[in-house]
Amino acid sequence: MSKIHVTTTVNGDRMEFLAEPRETLLDALRNHLDLTGTKEGCGTGDCGACSVTVDGTLVCSCLMLAAEANGKRVETIEGMAGADLHPLQRKFIEHAALQCGFCTPGILVAAKALLERNPDPTDTEVRYWLAGNLCRCTGYDKIIRAVQDAAAEMRQDHRGAA
Amino acid sequence: MRYHRPTSFADASAIAAGATGTLRFLAGGTDVLVQMRAGMVQPDDLIDLKHIPGVDQITRTPDGGWRIGVAVPGIVLGAHEGLVRDWPGVVEGMNLVGSTQVQGRATLAGNLCNGSPAADSVPGMVAAGAVATVTGPKGSREIPVGQVPAGPGRTTLAKGEVISAITLPPRGKNGGDAYLRFIPRTEMDIAVVGCAVNLRLDGDRIVEARIALGAVAPTVILSEAAAMAIIGTTLDDAALAALAKAAEAAAKPISDKRGTAEFRTEVVGVLARRAAKIAYDRAKGLEA
């Protein structure tokens, strides 16, 4: 079985690897590129722990072949913080919006994608957007509060910058 | 597994026609990858359709309809103002499939070809009168979308055939459509029952109607009796009661873990009434 040469941009860096035809983007990120922040929960697109963006679109990396990422721009949790934590990351810590933390990378990536499209969502909009991200610890309330607090801070910063 | 990236539907069809083992087409992959992981399907050949020019496009047809590429994901359909204005019922059905993440990948053509009786996008397409363009070794043909599913997990497509586009007809004046489904929660579930209504008004009176029922038979049902129950009426209480009765009579559901046949039969009548009211209001321009 011949491997497929994949060239992709991950968190702004050009990456190359050889993928098995059946290999998912999730497995390639974790096993070839050592980006283990992206988690495998269910492997069937139900839990959202493997959320990444591909060309700016939020997807489950378990539902995409590594070969399909050729020529694409992939963003993972590892690309979220700059010199400082992203406001979402800080607010998740402040609000204790995680316990075991396994779902957290996927929820952060998904929440960031939401706030880029909709900087001022209602609680209901946050809940629907994150319906594909399962958390078995927190009961979700703290997650919603952390996302809304981060959104408020980001709107403030945006106004300050403008 | 051989992973193919053809750049035309003719090439995709030729690869499929020549394949001797298990074959799958790959659009959004949200069903195929799950089946591969579960071991339900181990393709020898996987044909990725996303390198064919135009598959990611939504274009106006010369007569004012919409041609939708086979790799256009739900999130793009939902963000397309013209399509949402013309066919809100089709788009809302597709947008009920899975999570935000799944919407980033899942397609109308994939939802159709997966062959689930409960596919949320299919009743809306059937009610709208959508047409699937099928490309095969002998060229292309057009068939109503409702002729594609053959039963759970099966389609009527022959060896070497692939859906190359889905086309919605021109909306025209005074028309409206809607899709509703029942699930026991608010999100991330599979329809227990679904119903799409597409109708056209002349003044207050319904002059055309197409009503499609999902998850109440092995394949989607286009119920002429349900349509006849409301054509010629102003969707008054008597018409709504007749519609519910006709939808219940048309349904041939099974009992399974998601609902009993009796429950499904009752709910299909309820959904038909509610979806008809929404479609009627949309045709009147009362609701976006």
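None of the figures in this text is laboratory data; all of them are computed from the coordinates on show. The structure displayed is predicted, hence computed values, not measured ones. Backbone-built Cβ (ideal geometry, glycine too); neighbour counts: all protein chains shown.
Looking at B:GLY89, is it in contact (Cβ under 8 Å) with a residue 12 or more places away in the chain, outside any strand (DSSP E or B), in contact with a strand residue (DSSP E or B) (Cβ under 9 Å, 6 or more places away or on another chain) and small (Gly, Ala, Ser)?
Answer is yes for this residue.
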Among the residues in the stretch A:1-23, are any part of a helix (DSSP H, G or I), touching a strand residue (DSSP E or B) at 6+ places or on another chain (Cβ under 9 Å), under 17 Å from B:ASP31 (Cα atoms) and not acidic (Asp, Glu)?
no
Sort out for me the strands (runs of 3 or more DSSP E) sitting completely within the stretch B:153-215 that have 1 or more residues that are of a type in the set (Asp, Glu) and either over 30 Å from B:ALA16 (Cβ atoms) or free of Cβ contacts under 8 Å to residues at least 60 places away in the same chain (or both).
B:175-182, B:193-202, B:205-214
For B:GLY232, only one of the following conditions fails: (1) in a helix (DSSP H, G or I); (2) loosely packed, with under 15 Cβ neighbours inside 10 Å. What is its number?
(1)
Looking only at the stretch A:8-40, filter to residues that are more than 14 Å from chain B (Cβ to nearest Cβ) and among the hydroxyl-bearing types (Ser, Thr, Tyr); which one of those is farthest from the chain's Cα centre (by Cα)?
A:THR8
Quickly run through the stretch B:8-65 and pick out the residues that are assigned to a strand (DSSP E or B), within 22 Å of the chain's Cα centre (by Cα) and not hydrophobic (A, V, I, L, M, F, W, C).
B:ARG24, B:ASP48, B:THR59, B:ARG60
The stretch B:99-110, residues that are within 14 Å of another protein chain (Cβ to nearest Cβ) and either without any contact (Cβ under 8 Å) to a residue 24 or more places away in the chain or out of contact with any helix residue (DSSP H, G or I) (no Cβ under 7 Å at 6 or more places or on another chain) (or both):
B:GLN101, B:THR107, B:GLY110
Take the conditions more than 9 Å from every other protein chain (Cβ to nearest Cβ), hydrophobic (A, V, I, L, M, F, W, C), surrounded by 23 or more Cβ atoms within 10 Å (Cβ to Cβ) and touching a Gly at 6+ places or on another chain (Cβ under 7 Å) and apply them to B:VAL70. Does it pass?
no
So is A:ASP84 buried (at least 18 other Cβ atoms within 10 Å of the Cβ) and either on the phi < 0 side of the Ramachandran plot or within 13 Å of another protein chain (Cβ to nearest Cβ) (or both) or not?
no
Is at least one residue of the stretch A:25-35 among the basic types (Lys, Arg) and assigned to a strand (DSSP E or B)?
no
Quickly run through the stretch A:132-162 and pick out the residues that are surrounded by fewer than 19 Cβ atoms within 10 Å (Cβ to Cβ) and in contact with a Gly (Cβ under 9 Å, 6 or more places away or on another chain).
A:CYS137
Being at the interface with chain B (Cβ under 7 Å from one of its Cβ atoms), assigned to a loop (DSSP other than H, G, I, E, B) and surrounded by 24 or more Cβ atoms within 10 Å (Cβ to Cβ) is the filter here, so list the residues in the stretch A:41-70 that pass it.
A:GLY45, A:GLY48, A:MET64
